[in-house]
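Readers should treat all values here as calculations from the given coordinates under stated rules, not as data from a laboratory. All of these numbers come straight from a predicted model, not from anything done at the bench. Cβ: placed from backbone, ideal geometry, glycine included. Neighbour counts: every protein chain shown.
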Amino acid sequence: MTTEELTTNILKALEEIRPFLNSDGGDIQLVSVEDGKHVKVRLQGACTNCSVNHMTLRAGVETTIKKYAPQIETVVNVG
């Protein structure tokens, strides 16, 4: 998978998870993809100060990204 294809797939994953984040007053932005296997995102809005944002990141965001791009190893919030 090319870098372009990988980025496109990650953006598709974020579009899938975005409505759930929006419903709680939050959002998400792709910051970078490093070495083709590490993703940095920025949780925004209500997700910034949410006490369970680490669970949202792991259970929702990371799982969805890995569905679209299985080679991704880590997803971190750089808030």
Q. Under unit Cβ charges (Lys, Arg +1; Asp, Glu -1), what dipole magnitude, rounded to 20 debye, does the chain have relative to its Cα centre?
A. 160
Q.
Please check: in the Gaussian network model of the chain (C-alpha springs, under 10 Å), which one of VAL61, VAL41, VAL31 has the largest mean-square fluctuation.
A. VAL31
Q | Taking the chain and dividing mean pair separation by its residue count, relative contact order in percent (alpha carbons under 8 Å, at least six apart) | A | 35
(Q) Regarding segment 3-45, what's the average projected area of the Cα-atom convex hull, expressed in nm²? (A) 2.8
(Q) Checking the cross-link filter: which aspartates and glutamates have an alpha carbon closer than 19 Å to that of LYS40, excluding same-chain neighbours under 8 positions apart? (A) GLU4, GLU5, GLU15, GLU16, ASP27, GLU62, GLU73
(Q) Just to compare against my own numbers: the Cα pair-distance distribution for segment 3-77, 10 Å bins, whole % per bin, please. (A) 21, 59, 19, 1
(Q) Need one number: nm distance between label points at LEU11 and HIS38, each 7 Å from Cα along Cα→Cβ, rounded to one decimal. (A) 2.3
**Q.** Beta bridges per DSSP with both ends in the chain, % antiparallel, nearest 5
**A.** 65
Q: Pull up all non-local amide H partners of VAL31: gap of 5 or more, or a different chain, and H-to-H distance under 5 Å with H placed in the peptide plane.
A: LYS40, VAL41, ARG42
